[in-house]
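Okay, so here's the structure we're looking at.
The values are calculated or read from the model by the stated rules, or taken from the named source; none is laboratory data. As the structure is a computational prediction, the values presented were derived from the model and not from experiment. For neighbour counting, all protein chains shown are included, and Cβ atoms are generated from backbone atoms with ideal geometry for every residue, glycine included. Note: areas computed on protein heavy atoms with side chains; ligands, DNA, RNA excluded. Shrake-Rupley method; radii C 1.70, N 1.55, O 1.52, S 1.80 Å.
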Amino acid sequence: MFAARIAIVEVQQVLKETTGIQPLLEPALEAMGFELLLVELVGSSSGQQILRVYIDAPGGIFLEDCQRVSYQVSAILDVEDPIKGEYTLEVSSPGLDRPLVKHEHFQRYRDSKVRIRTRTSHLGRRKFIGTLAEVGEKSVVVDVDGEPYELPFSDMERANLVGEIRDSSA
């Protein structure tokens, strides 16, 4: 019970720290031509922490882009110092299983296969893998094996595209 309480406090602290980081970084990265998709801080301030910054751009992301953004983010964080303790910075493209964070991400990938995990149970389940059928103002509808599930944005713990690799020889 005591360990669980510590973990919850650390997660809450991480969430507070992460929400403060995104507004620091977003204007600089947008000026560089990148979209800041997601910022994650994992670990605890008393141990090893990793700050993950996911970026995207219309032509995709290359290694040189991650390098340029890493230098810029490091400079900003060195000045602002929003993270307690030491951390390792990782800058990455969203990859095949890109996170869906903003409302416009869900709109852009309507009719795509998604994986959504909710905080609370909806009709007996918290994990949904299916087609993103509808995107509303406050929720989405995911079609899982022909069964529609309406999932509010406010209850989403995590949402990602399901990466599918197509055979180019076909």
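With in contact with a helix residue (DSSP H, G or I) (Cβ under 7 Å, 6 or more places away or on another chain), loosely packed, with under 15 Cβ neighbours inside 10 Å and closer than 22 Å to Leu41 by Cβ as the only criterion, which of Glu86, Glu80 stands out? Show your work before the answer.
Values: Glu86 fails: in contact with a helix residue (DSSP H, G or I) (Cβ under 7 Å, 6 or more places away or on another chain).
One residue alone meets the criteria, Glu80.
Among the residues of segment 12-27, which ones are of a type in the set (Val, Ile, Thr), surrounded by 13 or more Cβ atoms within 10 Å (Cβ to Cβ) and either modelled with pLDDT of 90 or more or out of contact with any strand residue (DSSP E or B) (no Cβ under 7 Å at 6 or more places or on another chain) (or both)? Before the answer, list the steps.
First pass over segment 12-27, keeping only residues of a type in the set (Val, Ile, Thr): 14, 18-19, 21.
Now restrict to residues that are surrounded by 13 or more Cβ atoms within 10 Å (Cβ to Cβ): 14, 18, 21.
Result: Ile21, single match.
What pairs come out if I take residues in segment 141-166 that are among the β-branched types (Val, Ile, Thr) and pair them with residues that are assigned to a loop (DSSP other than H, G, I, E, B) whose C-beta lies under 7 Å away, six or more apart or interchain?
Val162/Asp97
Quick check: is even one residue across segment 110-122 open to solvent by 70 Å² or more (accessible area, probe 1.4 Å), out of contact with any helix residue (DSSP H, G or I) (no Cβ under 9 Å at 6 or more places or on another chain), of a type in the set (Gly, Ala, Ser) and within 26 Å of Leu63 (Cα to Cα)?
Taking every residue of segment 110-122 in turn, none turns out to be open to solvent by 70 Å² or more (accessible area, probe 1.4 Å), out of contact with any helix residue (DSSP H, G or I) (no Cβ under 9 Å at 6 or more places or on another chain), of a type in the set (Gly, Ala, Ser) and within 26 Å of Leu63 (Cα to Cα).
Out of the residues in segment 123-151 meeting the condition of being in contact with a Lys or Arg (Cβ under 6 Å, 6 or more places away or on another chain) and closer than 15 Å to His103 by Cα, tell me which one is most open to solvent (accessible area, probe 1.4 Å).
Val135
Could you name every one of the strands (runs of 3 or more DSSP E) located completely within segment 61-170 that has at least 1 residues being modelled with pLDDT of 95 or more, of a type in the set (Asp, Glu) and in contact with a Ser or Thr (Cβ under 7 Å, 6 or more places away or on another chain)?
Details: elements: 88-92, 113-122, 125-135, 139-144, 147-152, 156-161.
Ranges flagged: 139-144, 147-152.
Within segment 28-60, take every residue that is farther than 20 Å from Leu100 by Cβ and part of a loop (DSSP other than H, G, I, E, B) and give me the one that is most open to solvent (accessible area, probe 1.4 Å). Step through it out loud before you land on a result.
The initial filter retains those residues of segment 28-60 that are farther than 20 Å from Leu100 by Cβ, namely 28, 31-33, 43-51, 59.
Filter again for part of a loop (DSSP other than H, G, I, E, B), leaving 32-33, 44-48, 59.
Numbers: Met32: 52, Gly33: 45, Ser44: 22, Ser45: 66, Ser46: 106, Gly47: 37, Gln48: 123, Gly59: 66 Å².
The selected residue is Gln48.
For segment 24-65, which positions are among the acidic types (Asp, Glu) and without any contact (Cβ under 8 Å) to a residue 24 or more places away in the chain?
The initial filter retains those residues of segment 24-65 that are among the acidic types (Asp, Glu), namely 26, 30, 35, 40, 56, 64-65.
Within segment 24-65, Glu26, Glu30, Glu35, Glu40, Glu64 qualify.
Which is of a type outside the set (Lys, Arg), open to solvent by 50 Å² or more (accessible area, probe 1.4 Å), modelled with pLDDT under 90 and assigned to a helix (DSSP H, G or I), of Ala3, Ala7?
Values: Ala7 fails: open to solvent by 50 Å² or more (accessible area, probe 1.4 Å).
Of Ala3, Ala7, the one residue that is of a type outside the set (Lys, Arg), open to solvent by 50 Å² or more (accessible area, probe 1.4 Å), modelled with pLDDT under 90 and assigned to a helix (DSSP H, G or I) is Ala3.
Matching residues to (1) touching a strand residue (DSSP E or B) at 6+ places or on another chain (Cβ under 9 Å); (2) under 30 Å from Leu77 (Cα atoms); (3) not polar (S, T, N, Q):
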site: Leu96; (1), (2), (3): yes, yes, yes
site: Leu100; (1), (2), (3): yes, yes, yes
site: Arg115; (1), (2), (3): yes, no, yes
site: Arg126; (1), (2), (3): yes, no, yes
site: Asp143; (1), (2), (3): yes, no, yes
site: Glu147; (1), (2), (3): yes, no, yes
site: Leu151; (1), (2), (3): yes, no, yes
site: Asn160; (1), (2), (3): yes, yes, no
